[in-house]
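Every read-out reported here was derived from the displayed coordinates using simple, explicitly stated rules and does not represent laboratory data. Since this is a predicted model, take the numbers as computed values, not measurements. Glycine gets a Cβ as well: all are built from the backbone with ideal geometry, and neighbour counts include every protein chain shown.
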Amino acid sequence: MQTKPDATEDDKVVERLLLLEKYNYISYSLTDLVELCEDISPFQLKRIGQLIQKLSALENPEQILQEFLMTAPAKSARLLIAISKSKGINYDEEIDSETLEKALPKIRNFNELLKSSGFPDELVSAFSDFAENMETKSSKSNTFSF
């Protein structure tokens, strides 16, 4: 078995594909999605923006998404996969308000990046819905806080 430093380019591609497939099989709750957003660092957001800008030369939304998933930081790839599977998510689930408040700026930034990404419309729409629901949830929790 090869060690990581000796891995070929093909080995790295296969490793990344297996990681993405693993993310695809995980079930995500609303709390999981918020925590994934919270875990993305400002540096990663900047890298994501640069990568999206670089990929904007491609015209096929599916190809843009594939290239992004193969080269983006693992956390952001995982978040996109989780969001793509979020159709049946329970938005009534309780979320720690402090966690939500920490994640909200990153959710907003990520949402803005996705709007200019060229990714498939259904993915951009799913994340926009998620961001909108988190904004609403945040404003409701702030209304009831004393």
For the chain, set up a GNM with springs between Cα atoms under 10 Å and report which of 92, 32, 129 has the largest fluctuation.
92
Report, in whole Å, the centroid distance computed from the Cα atoms of the range 93-111 and the range 6-31.
25 Å
Looking at the chain as a GNM with Cα springs under 10 Å, which of 106, 46, 12 has the largest mean-square fluctuation?
12
Would you calculate, for the chain, the mean residue ellipticity at 222 nm contributed by helices, counting each DSSP H stretch of 4 or more residues as -39,500 (n - 2.57) and dividing by all residues, to the nearest 500?
-23500 deg cm²/dmol
Can you compute the charge dipole magnitude of the chain about its Cα centre, using +1 on each Lys and Arg Cβ and -1 on each Asp and Glu Cβ, nothing else charged? Give it in debye, rounded to the nearest 20.
340 debye
Under a Cβ-Cβ cut-off of 13 Å, what is the net charge of the residues other than residue 103 that fall near it, where Lys and Arg count +1 and Asp and Glu count -1?
-3
Go through 54/137; 22/106; 54/140; 54/87 and tell me which ones have a Cα-Cα distance over 31 Å in this structure.
54/137; 54/140
Taking Rg and Dmax of the Cα atoms in Å as the quantity of interest, determine which of (i) 31.4, 82; (ii) 15.7, 49; (iii) 16.3, 59 was computed from the displayed structure.
(iii)
For the chain, what relative contact order do you get, as a whole percent, if you take Cα pairs closer than 8 Å and at least 6 residues apart?
32 percent
At 30 Å minimum axial length over the Cα atoms and a Kyte-Doolittle cut of 1.6, report the qualifying DSSP H helices in the chain, or say none.
none
Exposure proxy ranking, count of Cβ atoms within 10 Å, fewest first, for 96, 6
6, 96
